[in-house]
Each structure stands twice: as C-alpha cells, then as structure tokens.
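Single-structure report; data block below.
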Amino acid sequence: MAMTLSSLSPSNMLGELGRLASWLKGDCLAPEEYAGLAVTEKLENVQLLDKYNLRNPSKGTLYFATTHLIFVDHEMRKETWILLMHISSVERLPITTTGSPLLVRTKTFQSVFFVIPRERDCHEMHQTLLRLSQPVHIDELYCFHYKSTPDELPKSAGWNFFDIQTEYQRMNVPNEHWVLCTANRDYELCDTYPSEIYVPAKASTAVLLGSASFRSRGRLPALAYLHHNKAAIARCSQPLSGFSARCMEDEQMLDLIRRANPNCGYMYVVDTRPRINAMVNRAAGKGYENEAFYENIKFQFMGIGNIHVMRKSLQKLVETCEQNTPTMSSFLSGLESSGWLKHIKSILDTSWWIASAIEGGVSVCVHCSDGWDRTAQVCSLAALCLEPHYRTINGYQALIEKDWLSFGHKFTARCGHIACDGRERSPVFTQLLDCTWQLLRQRPEAFQFNERFLLTLHDHAHACQYGTFIGNCQKDRRDLRLSERTFSLWGYMANHLNEYKNPLYNPKAHPDVLKPDLSAQSIRFWRGMYCRHESGVHPREPLGDLLPAAVEHCSALDHHINYLTKRITTFKNLLSGKKAEKSKDTTVVNYQNGNVNSVEIETKTEALQIDNKLLYESGGTLSELECANHDHPLKEDVAVPRKPNKIPLITERADEIIPVSLPELEREVNTVALDWKSIKSVTECSCSTPLDHFSRKHHCWGCGAAVCTRCVARRAPLAALASPRAAPLCGACAACTPAATPAATPVVTPATLAPDLRAHTDIVTSAN
C-alpha cells in the first residue's frame, strides 16, 4: 500500500506538498512513517478536546499520512485515526487564546475537535483536508491505488461471488410467467438498470419500449422478488404522466404483471412518496398513475420523505449526539426534533405493508421518484421479512447486489465519494442498515449476521477502499472495470467471516415470514452506529463479542476434554495390566524414568520403587487412584484385580504418538489454556495497542490472553486438542509452536488495511 498522495493530479501535487511543507517551515527534512504509513507532515502540540473532559484535553502529535489523519497522544497512549475518505465536513471555528479550533466530522459519526497552535497551520490543514477528502475525479479514489499484501486474497476474489441470474434462479425464475429480457443487454433500454432484467413472459418488445419511454429515466417495471406463492414485487420509477398523459404500453405492462400471478385478480401499485409530493411532480410532467387508466389495480401512497428530508434529519441527529453536556431532556427533545426514528418507522411500515400483501398472494409494483432510493429500501426490506435466505450473511450480500448495486442506487452520489452537489448526498443506505438493525434487535435468532456486519457494510460503503460500492449503477462499474482494477469487499468479508456471525442465530426459529414489532416504543435509537465513538456509553462486554468468545472457549475446552479422555483411557488400560499386542523392534515409552528402549512390547514388572502416585496399596483395600476412579464413566465393570507386589512399567507403542516422558507429557497438556482472560478487563494488547469497547478482541488458545487482530499472527493444531483444527495463537505462543503457520485470516496491519474498520479491529481508540 506504499502510496503517495495519489488523489492529487501531477499538476497540483507539488503545490499541495509545498503548502504542507510550510507547516513545519523546513523542520522536517526526511520522510517519516507511522504504523507503516508514509507521513507527509506532522504538527506538534495539537490538542484534541473530549466533550466529556473539556478541562483536560489530550495533547499530542497530528500526523498527516497519505490516506489518514492520525492523532497520537503519546502520554496517554491513545490514537485517533480518521480515514480521509470518511471525512464529511471540515469546519474552522473562531480563534481562541489556546489556538485555532478545527472541527472534523466523519461519515462514521465521529466528531473530532482539534486546537492547532498556529492559525496558518490550521488554514493549510483545513484547505488540504477539503481537497483530499473529496477527489474531483472518480479515478482518484483510494480503491484504484490500494494494494493488497501477498498473504491476502487475490484481487479477483469476491467479484464472482454473486450473479444476478443465479439469484433469480433461486426464486425459480425464469418460468412460464417471467422471462429474462435481452433488450437491455447493452443498456439500451435503461442505462441504470442491470443488463439482465426479468419481465412478464407475454410482454412484447413494443410494450417494453413504450413503458420505458413513459417512466422517468426509462426505469420500466421489472421483477425484483418472486415469492413461492407466485406473488411478485416489481419496481420502477414514477410515470411521466403530468396532469393527463397516458401510455397504453405502460398500462399493458402493469396488467401483464398482474396476470403473472394467477392466484389473484388484482395488484397494488405502491407510491412510497407522500401524496402531496407526487402531486407537485405533476407540474414538472411527472407525477403518478391515473387510477382511471389502470384496471384491477389499487394505488397506495406511503409518505416516506425524500433525500433532502432525510439528509436534514440526519444532520439534526448528529447535532443532538454532539451535545457537550447532554441532559435527558435535551437529548430526547433533539432526537424527537430530528424526526430520524419517525423516518425509520415509516420505511419499516411501508416494507411490512408490502411483505404482508405478498404473503397474502397479491403482487405489488413499487416506485418513488426515480426508483433508486426509497424503492430500493422498501423492496429489499420486504424481501428480508419474507425470505429467510436474505437473513443470512451471503443472502444479505446478494440482496445488496441485486436491489442496490444492480438496480442502480447512486452510491457515489449519495455517499459523497467525489466532489459533487451536496444536495445529492443522503443517508439512504444508512437507513437500510438502521432498519435491518431494528429487525435484528427484535429477532436476533432470525439473523445469521451481527451488528458488526452492518457497521462494516456502512463504513466500507463510504471508505472507497474496495470497488464494490463505487459508481452509481452496473454500467458505471463495468465501464470503470472495477472487477479488474480494484478489490472486492465481499472477498475481504469472506476472509473475516467469523467476525460477523451471530451466536444466537437459529435458522429454525423463523423459517418463513419474519413479522416485526412496529409499535412506536419498539423503534430504538441505534447507539452502536451514531454514538459508537463515544467513551463511557457502551457496555464493557458487548453481547456480540461476549457470546462468540464463550462459544469459542467452550469449543477449546471440549477438544481438550476429548484429548484428556483419550489419554486417561490409554493410561487406565496400562495400569489395569492389559497386555499390548506384541511387535518386535518397536519403541517403548517408560513413564517411570523416561527411558526409550527397543524391546518386545509387553507389560513388564519392575522391582524398583517409583513415583508414589502410581503405587497400589496392598492388603486388599482400594488405592487412592482407584477411589478417585471408582465412579468415573470410563471405569469398566470388571472385578478389581489382585494387586501385584511389583509396579508395572507404563509402556505403550510409539505409533500411539504420546510424549516419551512425564515432563513432555506435562508440556503437551499445558499447550492449551484452560482459563481465558475476560474481555471486559482488557484495555491494552500485549503489543501496547489500546483496546476500547469496539475493538475486535481475539483470544489466544495457547495462553488465554486477549489480543488485537494483528497479534493473532499464527495458527497451529495444538497437541492438547483432540482436533486437527488450527487454533489461533498470539505471537509469543506461536514462537513456541513449531507447526504454527500464518493465520488463515490475513495479518492486519495499518499498512494493509485502511482503518475504516479500526473500530472493529485493532489499534484505534477514539479520544472522543
């Protein structure tokens, strides 16, 4: 990932670097690095204000790296990483006696308040951050310059995980009612639709062309989801109806969609907009369908706000979360005035209305204005409620590929990947994830994925490290050749799958339709998304981390118990005097003295007195060893044999692969830690990396320590586990395990992973 300021064009790179160099006025003569990243410049004595501790701000060094802004408080050992592509706004505040304040807000809802000693440095930093956080050209995005390390997945991994035709085949499409349309193979019918769209089997080319010409941006009605009862969800954009225009082909198209469901004589057309908005659009020659022209169709308006309403709502929500001394009254009133939860509820209400209609056997055609924002939200959420497959990790990714990426949600515009009209930005995808979290919180057993999975999707949709979310439609992505030039997010997530699994998932819990609770009191504020960088407001032991750790610990103990059972069985058989099969020239292990002799395999007797733990008591009474073993489940129902006067040597053939001496046996048993350190008491990794409430913590199976992601460096099968499974090990334990190999999960370092996921992985703690 060694990379200069690749987002700068050659013509202005020298000027930009010159301005950066003026920060230090020539003090920095040699290039520096921090955590594997090339540091362009740095500022000393910068203060970072914590709204919970304004009187004692953190003081440290601000590093300007090629892809990040990094603040390091060396005394408190805190680091705050800000990915440049995550910066949403940079605001200069009035100068104070301590310096020039600069407020940096990110798309991951982190607000960082810097105080820079010199006003000139603050001005230069402000201008540079604005420039680098909003590249002018899409080719300047991080994904086109990101280089993976050799031990990670190849660039091609993930791009072929999902195929839209395969997804429709899973729904038994094509069939007698729905077929693949070839008219959009070269995006001639609609350039924002996928090249493969499914339409009613009886729809002629003339009907398709006529309907496309009557719909905004050519987004004609097409199949989005087919239920097993043959009820379908179709999607499109608003009609160009104006006040009186009509289109016979469009009317035929909707009628054919209705007839494709033989189990119902009518269908719904759902307009997700408020009725007043649709009426206003009529003045611009658009609007909504005239009920008099469409037979056997019922129309329904739902009232979801447009992108501008949602953007302003999120801004108010962020301001509420940024309050310095929030009281219960101020926070609740701010949350109420933002209207955010009201919007989330309206999206869920519409989605469930559609899902209920489909479950009842009635087809639904959904549209908003252009059919790529609110339409994508409610179509995918309705399918999520109807189809258990979409509640799995792969299924949810396929849902995003189908309803969002293929059907043309404008990710580049809505997420602000490049400099563009700010009015195009809107948290449409964020709302999808929020609605999904609401369902996940209510029915955790119904979802295979956890909260971290949703947060990872959100952060990477804005980070531009991978090419998955770049572009506004399928055609854009093919023109940019993203599958050849960039890495896929799906490949990265497949390599970190265990981090996203929900330990409460039970596929049998909700095998069919998932009915949400949409009462007002059931819609919650998502603290894990909007306040994730706040210190002191999260549990020390998040349930999503605690349960997987417990499951993993139980697995380790189960394997260790199986190992001990096997060893106890072996020793019990030997102590009971059973003879092994004779075999010449076979190594014998003597646990009395550790000698290795080549003799015939047979139970020998030895006159020497040895370890008292192995002595049998004479006189017909049970020994301590037998008393301890009396009720053991492995004890055989045989008569107690007469105790010999001499102690049998414990011998066994070497092909049983057991240690050759007691010290080696002890070392073997101790290769697995029985006690694991609780994650709530871990604030720092052994590598001095700070670990906060959201850092991903891993347990070393060898010593039980909780370490960061990059310290789980190796994996190896451990001798004290009755399993060939390669267990995760920390660096210290890996060094003592000759069979240790590099972890299947790539070693994550700052140089290989843009810390858009640092809150989920290792070395980032937020000072907010």
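Just the ratio, please: alpha-carbon radius of gyration of region 30-134 over 2.2 N^0.38 Å, N its number of residues.
The value comes to 1.00.
R0 = 22 Å: FRET efficiency of Met248 with Ala284, Cβ-based, nearest 0.05?
0.45
Points 7 angstrom from Cα along the Cβ direction at Ala509 and Ala732: gap in nanometres?
3.8
Tally Lys/Arg at +1 and Asp/Glu at -1 over every other residue whose Cβ is under 12 Å from the Cβ of Ile164; what's the total?
Net of charged neighbours comes to -3.
Please get the size of the charge dipole for region 30-134, origin at its Cα centre, with Cβ charges of +1 on Lys and Arg and -1 on Asp and Glu, quoted in debye to the nearest 20.
So the magnitude is around 360 debye.
Find the accessible area per residue for region 256-310; the probe is 1.4 Å, ligands and nucleic acids are left out, and the unit is Å². Mind dumping the intermediate values first?
Numbers: 2580 Å² over 55 residues.
On a per-residue basis, 47 Å².
On full extension of the chain, what length is gained from Thr61 through Arg92, given 0.36 nm per residue of separation minus the C-alpha to C-alpha distance? Spell out each step's value before the answer.
Numbers: separation 31, 0.36 × 31 = 11.16 nm, distance 1.92 nm.
Working it through step by step, the gained length comes to 9.2 nm.
Between Ser555 and Ser337, how high is the FRET efficiency from 1/(1 + (r/R0)^6) when r is the Cβ-Cβ distance and R₀ = 45 Å? Nearest 0.05. All intermediate terms of the calculation are to be shown ahead of the outcome.
Details: r = 48 Å, r/R0 = 1.07.
Calculated value: 0.40.
Given the pairs Lys501/Lys572; Lys312/Lys680; Lys59/Lys107, which are separated by over 29 angstrom at their Cα positions?
Beyond 29 Å between Cα atoms: Lys501/Lys572; Lys312/Lys680.
Going highest first, how would you order 365-374, 228-237 by mean Cβ packing within 10 Å?
Working: 365-374: 24.8, 228-237: 22.2.
Going by the mean number of other Cβ atoms within 10 Å, highest first, we get 365-374, 228-237.
When you count, for each residue, the other Cβ atoms within 10 Å and take the mean per peptide, how do 409-415, 100-106 rank with the highest first? The partial results should precede the final answer.
Details: 409-415: 23.1, 100-106: 20.1.
Answer by packing, highest mean first, reads 409-415, 100-106.
Apply the Karplus parameterisation 6.51 cos²θ - 1.76 cosθ + 1.60, with θ equal to phi minus 60°, to every residue of region 84-100 and state each ³J(HN,Hα) to the nearest whole Hz, in sequence, with x for glycine and proline.
Computed from phi, the couplings for region 84-100 are 4, 6, 8, 6, 9, 7, 10, 10, 8, 10, x, 5, 10, 5, 8, x, 9 Hz.
Each residue of region 251-266 in order: what ³J(HN,Hα) in whole Hz does its phi give by Karplus 6.51 cos²θ - 1.76 cosθ + 1.60, θ = phi - 60°, with x for Gly and Pro?
5, 5, 4, 5, 5, 5, 5, 4, 6, 5, 10, x, 8, 8, x, 9
If packing is taken as the average number of other Cβ atoms within 10 Å across a peptide's residues, how do 695-702, 113-120, 205-212 rank, most packed first?
Most protected by this proxy first, the peptides run 695-702, 205-212, 113-120.
Report, by chain and number, residues whose modeled amide H sits under 5 Å from the one on Ala419, excluding near sequence neighbours (fewer than 5 apart, same chain).
Placed amide hydrogens put Val136 under 5 Å from Ala419.
The values are calculated or read from the model by the stated rules, or taken from the named source; none is laboratory data. Everything numeric here is computed off the predicted structure, so don't read it as measured data. Cβ: placed from backbone, ideal geometry, glycine included. Neighbour counts: every protein chain shown. Side chains included, ligands, DNA and RNA excluded: accessible areas come from the protein's heavy atoms. Shrake-Rupley method; radii C 1.70, N 1.55, O 1.52, S 1.80 Å.
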